[in-house]
Amino acid sequence: MTIVVTGFEPFAGLDYNPSARVLDLLPNEIAGHEVARFVLPVDSARIAIDLEALPLPGAAAVIHCGLAQDRPVISLERIALNLLDFGDRPDNAGKIERDREIVAGGALALPSRLPVRAVLEAWRRAGIPSIASTSAGTFLCNQCFYLSLARLPKEVPCGFVHLAPDEKLAMRYRSPYQPLAVQAEAIRIAIEVTLEARA
Ligand code: PCA
């Protein structure tokens, strides 16, 4: 089977996105499953179409990754909300969504289908600073997370990891950061723990 890991293209004026760069640091195989990587658009109209085209329904696990520029360490999302509200920040197509449901009439919130507590524990044991997050926001990351949870069969473990700025972004913005190699290792561990929990 395949483990699908996705990242996002750059957005909000950045010239790269660590969540796309991290894909190259992942091993080609985890627990005997091939790792397939995809970069998703920061475009609210296109993302549903692009997600539909990915081989997600038969995957061993689906891990979506995005950047949370204001968080100092990697975080694991617990829930996706059925809400789009971009505030005054347009997506890459220049569009601003406000007060809109992602799936009309869908559940207000859907829980992550990763073993969140077990992953956080494994990160702690590996010495990787990390946090659980109760909100993936109301922008594209949350949209992607919600769409996959709404569409995928319940047996497919599916979750969302928000990356912190890496060393390259931190040099530019003087922000806190977590080395990208450490965040890649965290994603590998999250996948391993997810597959173990499922076995
Ligand atoms: N982060 C944004 C969208 C793309 C990304 O990497 C978010 O948190 O919604």
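Please treat every number below as a calculation from the coordinates, not as lab data. Owing to the predicted nature of the structure, the values given are computational and were not obtained by experimental measurement. Please note: Cβ atoms are built from the backbone with ideal geometry, for glycine as well, and neighbour counts cover all protein chains shown.
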Review point. Ordered by residue, what ³J(HN,Hα) values in Hz, to whole numbers, does the stretch 81-96 give under the Karplus form 6.51 cos²θ - 1.76 cosθ + 1.60, where θ = phi - 60° and Gly and Pro are x?
Key: 9, 7, 8, 10, 7, 8, x, 10, 9, x, 6, 6, 8, x, 9, 10
Check your understanding: What residues have an amide H closer than 5 Å to that of ILE102, excluding those fewer than 5 places away on the same chain, when H is modeled at 1.01 Å from N in the peptide plane?
Key -> LEU83, LEU84
Practice item. Would you grab the residues whose amide H sits under 5 Å from the one on CYS158? Only those 5+ places off in sequence or on another chain, please, with H modelled 1.01 Å from N. Key: VAL62, ARG113, LEU114
Study note, to complete from the structure: Once normalised by the length of the stretch 137-199, the mean sequence separation of its alpha carbon contacts under 8 Å that are 6 or more apart gives a contact order in percent of 21
Review point. Looking only at ARG151, ARG71, ARG37, which one moves most when the chain is put into a Gaussian network model with springs between Cα atoms under 10 Å?
Key: ARG151
Check your understanding: Which trypsin sites (Lys or Arg not before Pro) from the stretch 52-127 combine a DSSP loop assignment with at most 13 other Cβ atoms within 10 Å?
Key -> LYS95, ARG98
Revision key, fill the gap. Residue by residue through the stretch 156-166, the couplings from Karplus 6.51 cos²θ - 1.76 cosθ + 1.60 with θ = phi - 60°, in Hz, x for Gly and Pro, are 7, x, 9, x, 10, 10, 9, 7, 7, x, 9
Exercise for review: Mind sorting GLU77, GLU101 by how few other Cβ atoms lie within 10 Å of their own Cβ, fewest first?
Suggested key: GLU101, GLU77
**Study point:** Placed amide H near GLY7: partners under 5 Å, 5+ positions off or other chain
**Key:** PHE38, VAL39, LEU40, CYS65
Point to revise | the chain: antiparallel DSSP beta bridges as a percent of all, rounded to 5 | key: 30
Exercise for review: Send over the semi-axes of the chain's equivalent ellipsoid, whole angstrom and largest first, taken as the square roots of 5 times the C-alpha gyration tensor eigenvalues.
Suggested key: 23, 21, 15
Revision key, fill the gap. The FRET efficiency for ASN92 and SER175, from their Cβ-Cβ distance with R0 = 22 Å and rounded to 0.05, is 0.55
Check your understanding: Given 0.36 nm per residue, what is the gain on full extension from ASP15 to LYS154 after removing their alpha carbon distance, in nm?
Key -> 46.5 nm
